[in-house]
Every structure is written in C-alpha cells, then in structure tokens.
1. Here is a list of conditions, (1) buried (at least 21 other Cβ atoms within 10 Å of the Cβ); (2) at pLDDT 85 or above; (3) within 30 Å of B:Val308 (Cα to Cα), and A:Val29 meets all of them except one; can you say which number that is?
2. Tell me which of these B:Trp241 doesn't satisfy, since it passes every other one: (1) modelled with pLDDT under 90; (2) closer than 30 Å to B:Leu199 by Cα.
3. Would you mind stating whether A:Glu95 is in contact (Cβ under 8 Å) with a residue 40 or more places away in the chain and either within 30 Å of B:Pro180 (Cα to Cα) or at the interface with another protein chain (Cβ under 7 Å from one of its Cβ atoms) (or both)?
4. Taking only the stretch B:269-297 into account, find how many residues are β-branched (Val, Ile, Thr) and either over 22 Å from the mean Cα position of the chain (by Cα) or over 26 Å from B:Val308 (Cα atoms) (or both).
5. What number goes with the only condition from (1) at the interface with another protein chain (Cβ under 10 Å from one of its Cβ atoms); (2) surrounded by 20 or more Cβ atoms within 10 Å (Cβ to Cβ); (3) outside any helix (DSSP H, G or I) that B:Gln119 does not pass?
6. Anything in the stretch A:98-133 that is assigned to a strand (DSSP E or B), at the interface with chain B (Cβ under 7 Å from one of its Cβ atoms) and of a type outside the set (D, E, K, R)? List them, or say none.
7. Any idea which residue in the stretch B:102-121 is modelled with the highest pLDDT, counting only those that are of a type in the set (A, V, I, L, M, F, W, C) and touching a Phe, Trp or Tyr at 6+ places or on another chain (Cβ under 7 Å)?
Amino acid sequence: MSLRRLIAIVRKELRHIVREPRNLFLVTVSPAFLLLLLANIFSFEVRQFNLAVLDLDQTPLSRHYLASLASDGDLVLAYSVASYAEIEPLLVKGEADAALVIPSGFAATVYSGQAAQVQAIIDGTDPFAGTQAISALTARSGVFVAGTEATGLRSGEQPVEVHRQAWYNAGLESTVSMVPGLLAIVLIMPTMALALALTREKETGTLEGLFATPVVGAEYLLGKLLAYIAAGLVSAVLALLVAVLWFRVPFRGSLAVYLLLAADYFLACMGATVVIANLVRSQQAAMFIVLIIFVVPSFFLAGLISPVSTGALASQLASFALPATHFVEISRMVCLKGLSLGQMIRPALILLGMGLGALAVGLFTFRKKVA
Amino acid sequence: MILRIGNLVIKELLQFGRDRLLAGFIMLAPALQLILLAQAIDRGITEQPVVVLDLDHSRLSRQLMTNLDNTGELWVRFEVDSPDDMRRLLDEGQARLAVVIPAGFARRLSGASSPQPIQVIADGTNTVAASVTMSAASGVVSRFSADLAAGYGLVLPEFIDFRTAIRFNPTMDLRHFSIPAQLGFITYQVTLAVAALGLARERELGTLEQLLVTPLRRSELILGKGIPALAIGGLNFLAMWAISLAVFHVPMNGSPLLLVALTLLFLIAEVSWGLLLSAISRTQQQAILFVFIQAMVDITFCGYLVPVKNLPPLLQAISRFVPLQHYLTIVRSIMLKGAGLDELWPQALALALLSLGMGVIAMRSVARRLE
C-alpha cells in the first residue's frame with residue numbers, strides 16, 4: 001500500500017466525477033435537488049377532514065353546533081345529506097372521511113339537561129387519519145361545550161390545566177422537522193454513484209486495465225471511497241444551503257461537526273456498498289440493491305416520519321442496521337438542538353463501527369482478478 | 001411475429017436468470033421488504049420514552065405518573081429531580097416528552113381555588129411523534145382532572161355523548177392500511193426498474209445494434225422487452241398479494257378478478273413509462289438516475305406518505321397523472337372497502353387512459369429512438 005498511488009487513484013476518481021456532467025450532477029447536485037422536491041411535498045401542516053352531515057334535528061342549536069365544528073378549518077362540512085343511505089357511497093369513494101349524524105330531538109335533549117347522542121361514523125381505512133378525525137371532532141365539541149357554558153348553560157371548572165410546549169421547534173412546523181431528516185435520505189445519492197462507479201468498471205472492462213498497473217486492491221477501493229466521500233461532502237454543503245436558505249431551517253450546531261458526521265455517515269453507507277459491489281456483476285444489480293436496501297426502507301424505518309418502532313424486535317434491528325436511522329437523529333440534533341460532538345458520540349460511534357466493519361469485509365472479499 | 005416476440009422474451013428471461021444473485025434478489029427482496037415493513041408499522045406510535053420531572057413527590061403526582069405510563073403511547077422511562085437532567089435526556093433523544101409536576105401541586109389542589117398547571121414539553125424535532133405524545137399526555141391529564149373534579153363533587157359539563165362507529169377497518173389496524181399500499185408500491189418499484197434498464201443495458205453494451213440487424217421489427221422488440229418486465233412485476237404482485245392475505249390477514253372484500261385486471265392495466269402503464277425512460281437514456285447509469293428521480297416523485301405524489309388532498313392545488317393536479325396514485329386508491333378500496341367498478345370507475349378510467357397514452361407514446365418514441 002503506497003500513499004502516492006492512493007493519492008493518484010483519488011485524483012483519477014475526482015477527475016472522473018468532475019469530467020462527466022451527469023456524474024457530477026448525481027454526486028454533488030442531486031441531493032440538493034431532491035431535497036427541494038421532497039421537502040416541498042413533505043411539509044404538510046394541516047390535515048383537513050371532509051364531513052358528510054346528516055342533521056335530523058334542524059334546529060338553531062344543531063346548526064350552531066355544526067358551525068362551531070367547522071370554525072377552525074380542520075373539519076369541512078363538505079356534504080349535507082338527507083338520509084343514511086347517502087352516507088355509505090360517500091365513505092366508500094373516499095369523498096367523505098367521516099359522517100356525523102345528529103338525531104332528531106338533539107336540541108330538546110340538551111335543553112332538558114341530558115346528554116344528547118351524536119353519532120360519528122369514521123372511515124378507519126387510514127388509522128392515522130381516523131384517529132385524528134376522532135380527536136378533531138372531540139376537541140371541537142369540547143370547545144362548543146365550553147362556549148355554551150359561557151352563555152350560562154352549565155358551570156364547572158377544571159382543577160388541572162395542561163400547558164403545552166414544544167422544544168427545538170416551538171411552532172411544531174413540519175418543514176423544520178422534516179428537512180433535517182430528509183437530508184439523511186437525499187445524501188444516499190453519492191453512495192448510489194459509488195455503487196454504479198464500482199460496478200461500471202467491472203462491466204466495461206476498465207478494471208482489467210487498472211489491474212495491469214501496480215495498484216493493489218486496497219489502494220483502489222480506498223481511493224474510490226475517499227474521492228466519493230469528498231464529493232459527498234460537497235453535496236452535503238449544497239443540500240444544507242438549500243435547507244437553511246430556502247426552507248429556513250435553523251442551524252444551531254457547528255458546520256464542522258456536521259460535515260465530520262456526514263463523512264461518518266458516508267463511510268457507513270459506502271462501506272456497505274463496497275461489499276455489495278464485490279458481490280454483483282452489473283450496474284443494474286447494484287442499483288437495485290442500493291434502492292431496496294438503503295433508499296426505500298429509509299423512508300419508513302429510519303424514524304423520518306414515525307419514530308423508530310418500539311414494537312417488533314425484527315423491525316427494531318432493521319432500523320438499527322440502517323445507517324440513515326442514526327443520521328436522521330444526528331442531523332436533527334445538529335440542526336435543531338445544536339448539540340456538540342460529545343453529546344452525539346453514541347450515533348457517531350455506531351456509524352463509524354458500521355463503516356469500518358463493512359470496509360474490512362469489503363477489502364477482504366475484493367478479488368483483484370479478471371473474471 | 002408471435003414466434004419472434006416469444007424468442008426475445010425467452011432470451012430476456014434467460015438473461016435475467018443468469019445473474020443468479022440479481023434474479024433471486026428481484027424475486028425475493030420485495031416479499032421480504034413487505035414482511036419487514038409490515039412488522040415495523042404494526043402498532044403505530046407506541047411506548048415513547050417520557051421523563052417526568054416530579055417536584056412534588058406526593059401521592060397524587062405518583063398517581064399521575066402511573067396514569068401516564070398506563071397509556072399505549074407513553075412509557076415513563078425516567079423520573080428526575082432537576083431541570084438539567086430533564087434537558088439532557090431530551091437533548092440526547094433518550095426521552096421524547098417531558099412532564100413537569102410543580103412543587104406543591106397536591107397541596108394547592110386540595111384548596112382548588114384556581115387551576116393547577118402541569119407542563120408538557122415535547123421534542124419538536126419529530127412533529128408527528130410530538131403531536132401524538134402531546135395529545136396522549138394532555139388526554140391523561142384531562143381525565144385525571146375530571147376524576148378529581150368528580151371526587152370534589154364538581155360535575156363537568158358533558159352534554160354531547162359521542163358514539164363512534166368505525167367502518168372498513170373496525171380495529172383501526174395500521175397494517176390493513178399500510179400493507180395494501182406497500183403491495184402497490186413495491187410492485188411499482190420492481191416493474192419500473194426492470195423495464196427501464198432493458199434497452200439501456202443493450203445500448204451500453206453495444207448489443208442493441210445486433211438486435212436491430214435481426215429480422216425483429218421495432219414494435220416486436222419493444223413488446224419483447226416489455227412482456228418480461230410485465231411478467232416479473234406481475235409475479236411479484238401475486239406473491240406479495242398471497243403474503244398479505246395469508247400472513248397478515250388483510251381482508252379481501254372486493255372482487256379479486258377486478259383487482260387483477262386493474263393491476264394489469266397499471267403494470268402496462270408502468271412498463272411503458274419504464275421503456276420510455278430506457279429509450280431516452282444513453283447509459284444504464286442515466287436510466288438509473290431517471291428511475292430514481294421518477295420513484296422519488298411518485299412516492300411523494302402517490303398519496304401514501306402524504307394524502308393527496310393535503311397537497312397544494314397545482315401539485316394535486318400533477319398527481320392525477322401519476323398512475324401509482326390511482327392504483328393505490330384502487331388496491332385499498334377493493335381490498336378494504338369492497339369497492340367495485342361503480343365506485344372506482346374514475347380511477348379505472350384514469351388508469352386506462354394513462355396506460356393507453358403512455359403505451360402509445362412509448363411505442364412511438366422508442367421506435368424513433370431506435371432508428
């Protein structure tokens with residue numbers, strides 16, 4: 001292993017990356033580009049629910065109640081129907097998310113001092129939406145209760161009240177939460193580029209040419225890895241600029257720490273990619289495996305939207321094994337919490353361990369031979 | 001003509017089978033992915049770690065802590081006495097929610113002259129988890145408060161009695177929602193990738209010219225490339241469909257025949273699109289880049305991670321041109337809601353138009369590109 005030859009390989013690889021515009025785009029610009037695309041769509045704030053309403057009471061109180069439900073815009077009184085039979089098709093087509101039936105005699109029951117029944121029929125197909133619809137209905141009904149109470153219908157006081165606060169993202173803005181998390185996903189692109197570069201040399205036969213030189217396997221692999229990590233860091237800076245300047249995500253930590261840990265993340269992803277590239281013969285196979293092992297699960301298992309599952313052991317292990325899980329955490333810690341390296345030592349060491357372990361396996365299984 | 005297409009299909013399938021690792025991966029990975037993701041999203045957001053800063057140390061504060069722990073969403077993992085410890089646990093992500101019980105809480109409650117505050121602090125870096133844990137904690141505190149009030153003889157106004165009925169997915173099982181979506185999504189992913197690489201690979205390796213000098217017509221070449229991709233996607237669909245029904249007991253309320261027919265229509269649209277991407281790329285790497293960006297766009301527009309109606313109007317309009325969006329609605333409605341063509345004709349029509357349109361465009365432009 002010679003340092004001079006290693007540097008020569010790194011320079012050769014960097015020149016390859018810079019020379020070809022497509023390659024340059026894939027390695028450096030595509031993460032920022034994807035972030036721009038994804039974050040705009042993932043930053044959903046309010047969820048509206050369309051209600052189908054069957055008001056069998058038709059009194060001022062029932063209308064007042066319905067108006068109070070729709071007052072803050074979460075619940076939309078989208079359909080007013082005249083019979084039960086009209087409710088079902090609206091729910092099946094998904095045009096209404098829930099239906100509300102106000103029985104006749106609603107107002108009379110309330111004024112007599114008893115609880116009047118209101119029936120809510122919820123589309124449970126999407127349990128998240130269903131649960132949210134139920135709590136929106138209950139919460140809005142609670143406000144109506146409190147509101148009428150002020151007019152003297154009832155009196156009562158809550159002995160305990162809840163003060164809510166969110167730290168690190170006081171407005172609970174989803175852009176602020178999603179963009180740092182998405183950085184972990186879009187920064188898989190440089191790894192994808194490395195996977196393609198490693199297998200392309202096999203496919204087009206240029207690897208053989210390289211083997212005729214004195215370069216040894218370790219120099220070849222490390223040279224490629226270092227070049228792609230360096231290019232990856234450029235992409236990380238570009239993506240971070242988009243996050244901070246375009247999406248106005250606060251950046252409370254240190255840039256140096258962020259880049260150091262990004263390099264750590266690249267090492268973990270790229271180390272695994274070296275192993276994959278040793279096993280497969282075509283770019284096609286490499287792309288499939290990177291897509292199915294890294295990209296798709298990272299959307300669902302890395303804690304980007306729902307936090308990492310505390311349920312089944314298999315899925316906890318899968319989440320732990322995904323480098324993105326740790327970098328989603330790190331990225332949010334640096335951007336939003338402004339933590340120091342010492343406070344993030346756990347995820348940092350996990351990524352380092354993964355990277356070095358995979359790299360050792362990759363070097364060991366690499367055969368400098370002509371297939 | 002049938003013979004020539006048949007020969008090409010056989011050649012494609014032989015070639016596919018030769019890279020054992022890749023073939024095994026394409027046939028097995030989707031099923032494994034389905035099982036893994038289904039495991040991961042079995043219970044939604046549960047057992048999130050909570051830190052309680054109990055400055056009161058009374059019987060009531062202990063009672064409140066037990067109530068918090070008894071919810072499915074929360075798990076009281078830490079009890080601390082200093083705000084610094086609380087801050088550290090939130091910083092490091094060991095706790096996702098903090099509940100502060102002030103000193104003198106129980107003593108002042110017994111007087112009950114004014115509402116006593118309980119502070120709930122969520123880690124806002126993940127807004128989804130923050131809102132779920134915050135509402136769970138607020139719910140516990142409100143019920144705690146209501147119980148206290150009942151004990152004091154204060155009756156809380158409650159004049160609306162909600163009767164909630166949940167349709168289509170009565171237990172609100174998250175799997176019944178996510179598995180049909182994953183089924184559609186994974187089928188999509190495999191089909192598009194296989195189709196998109198077909199022509200690009202031949203072009204890059206120079207074998208496309210050899211194919212062009214054989215008696216194969218352009219249209220035959222395209223069909224011969226498309227049918228294997230369709231077959232691979234279809235087989236993947238059948239395998240995952242069987243797993244969804246047999247392993248995860250997702251209900252199949254609608255007509256299986258309708259689902260198969262519409263799946264075929266969807267696969268035609270995706271294969272056409274894949275071949276088109278394949279024809280406009282000069283190298284496999286370029287095709288891969290296109291597929292990748294396409295997949296990212298489709299993930300965001302398909303309505304799985306973000307409901308379509310939450311998108312801005314312009315993006316909603318774009319999403320109508322994404323076959324996956326219609327297909328996911330179809331899979332979910334047929335399986336869970338037992339919907340038939342009466343309800344699903346708009347989606348079926350959209351899918352038919354899209355596959356016809358894409359098929360024609362693909363045929364024409366691929367044929368032109370091959371000249």
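1. That leaves (1) as the condition not met.
2. Single failed check for B:Trp241: (1).
3. yes
4. 3
5. B:Gln119 satisfies all of (1) at the interface with another protein chain (Cβ under 10 Å from one of its Cβ atoms); (2) surrounded by 20 or more Cβ atoms within 10 Å (Cβ to Cβ); (3) outside any helix (DSSP H, G or I) except (2).
6. Answer for the stretch A:98-133, where residues must be assigned to a strand (DSSP E or B), at the interface with chain B (Cβ under 7 Å from one of its Cβ atoms) and of a type outside the set (D, E, K, R): A:Ala116, A:Gln117, A:Val118, A:Gln119, A:Ala120, A:Ile121, A:Ile122.
7. B:Ile121
Table: residues versus (1) in contact (Cβ under 8 Å) with a residue 40 or more places away in the chain; (2) surrounded by 21 or more Cβ atoms within 10 Å (Cβ to Cβ); (3) more than 8 Å from chain B (Cβ to nearest Cβ); (4) more than 19 Å from the chain's Cα centre (by Cα).
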residue	(1), (2), (3), (4)
A:Glu161	no, no, no, yes
A:Tyr168	yes, yes, no, no
A:Leu172	no, no, no, no
A:Val186	yes, yes, yes, no
A:Thr191	yes, yes, yes, no
A:Ala195	yes, yes, yes, yes
A:Glu203	yes, no, no, yes
A:Leu210	no, no, yes, yes
A:Val216	yes, no, yes, yes
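The values are calculated or read from the model by the stated rules, or taken from the named source; none is laboratory data. This is a predicted model, so every value here is computed, not measured. No Cβ is skipped: glycine too gets one built from the backbone with ideal geometry, and neighbour counts run over all protein chains shown.
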